[in-house]
1. Which one is surrounded by the fewest Cβ atoms within 10 Å (Cβ to Cβ) among residues in segment 235-270 that are modelled with pLDDT under 90 and among the hydrophobic types (A, V, I, L, M, F, W, C)?
2. If we keep just the residues of segment 99-130 that are of a type outside the set (K, R) and in contact with a Lys or Arg (Cβ under 7 Å, 6 or more places away or on another chain), which is nearest to A214 (Cα to Cα)?
3. So in segment 166-219, with the set limited to residues that are modelled with pLDDT of 90 or more and hydroxyl-bearing (S, T, Y), which one is nearest to V134 (Cα to Cα)?
4. Restricting attention to segment 194-212, and to residues there that are without any contact (Cβ under 8 Å) to a residue 60 or more places away in the chain and either in a loop (DSSP other than H, G, I, E, B) or hydroxyl-bearing (S, T, Y) (or both), which single residue is farthest from L258 (Cα to Cα)?
5. If you check R35, R14, which single one turns out to be part of a helix (DSSP H, G or I), modelled with pLDDT of 70 or more, among the charged types (D, E, K, R) and within 30 Å of A214 (Cα to Cα)?
6. Which of the residues belonging to segment 162-177 are within 21 Å of H226 (Cα to Cα) and not hydrophobic (A, V, I, L, M, F, W, C)?
7. Are there any strands (runs of 3 or more DSSP E) wholly within segment 108-184 with 1 or more residues that are without any contact (Cβ under 8 Å) to a residue 60 or more places away in the chain and either of a type in the set (D, E) or surrounded by 15 or more Cβ atoms within 10 Å (Cβ to Cβ) (or both), and if so which?
8. Only one of (1) in contact with an Asp or Glu (Cβ under 8 Å, 6 or more places away or on another chain); (2) hydrophobic (A, V, I, L, M, F, W, C); (3) farther than 20 Å from I201 by Cβ fails for L162. Which number is that?
Amino acid sequence: MEEEQKRKSRRFSREFKLGAVGRMQAGESPSALARELGVRRKLLYEWKNRVEAGGPENLRDSGRPGPVPGRVVVDRAASEQRRIAELADEAVGVDLSPGMLAKATARGLTAVEGSATALPFEDASFDCVCSFKVLAHVEPIEVALAEAARVVRPGGHLVLELYNRWSLRYLARRVAGSRRIGVTHEEDDIPTRWDSPREMIARLPDDLEVERVAGVRVVTPAAIVHRVPGLRGLMARAERRAVDSPLRWFGGFLVLVLRRRGCAPNSRPL
């Protein structure tokens, strides 16, 4: 019975991927499709390339899409937690906003009130920490990084997004000036830090080591260029090629994949 369940799971996973590839080939928007399926857009292109290179049988190796850490804490409940909850064994969200906590709870997610500079968890209690669009707005960044490292077990990982001063995006923001956010606020009303890659890595706690650095929006000065017909596809292809290239260091967003030093059983790389 257990083997039959595994076989069905593998078959479903393969059919899931083939269905996604077929819809891409039929002209559906990769971005909309990725949001609907709860996967990263990069994965959709990986599946498509594998089918084109080796046929449908090339997708026989199944597994859930993307890395599958065990217990994950997500800094920014509701906004990012739902996607990660689909990949992890357990995902716990952290947020200062009662409204965001209520949204996470309404979606059936586990979320607690807390700050990036004072995480309400014991030491070494998670396999992975994920933080997107939060650390760029934290002034005591060293404290937040130390807290993130503290709650990860030895051998565990951190996936952190930071804003890069060595980027076209930063230059475009400086030229354009502060834009309006909503009805009553402007961008300058929200404290935002732009660090260089050197500064980011220099601030890391001593017990963290860098495993990977990915660049996002490397050649994109502003999101509006992806809405221009003809230019949209060209820019998307350029971004996919740049994400792990030497140009990644100039991405508007840098995603650091870090590992906490130390031995731990059953440690799985990201």
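The values are calculated or read from the model by the stated rules, or taken from the named source; none is laboratory data. All values reported here derive from a predicted model rather than from experimental measurement. We place every Cβ from the backbone using ideal geometry, glycine too, and count neighbours over all the protein chains shown.
1. C263
2. So, considering only residues that are of a type outside the set (K, R) and in contact with a Lys or Arg (Cβ under 7 Å, 6 or more places away or on another chain), the one nearest to A214 (Cα to Cα) is D127.
3. T192
4. Per the criteria, the residue is W194.
5. Within the list R35, R14, the selection yields R35.
6. Y163, N164, S167, R169, Y170, R173, R174, G177
7. 110-113, 126-131
8. L162 satisfies all of (1) in contact with an Asp or Glu (Cβ under 8 Å, 6 or more places away or on another chain); (2) hydrophobic (A, V, I, L, M, F, W, C); (3) farther than 20 Å from I201 by Cβ except (3).
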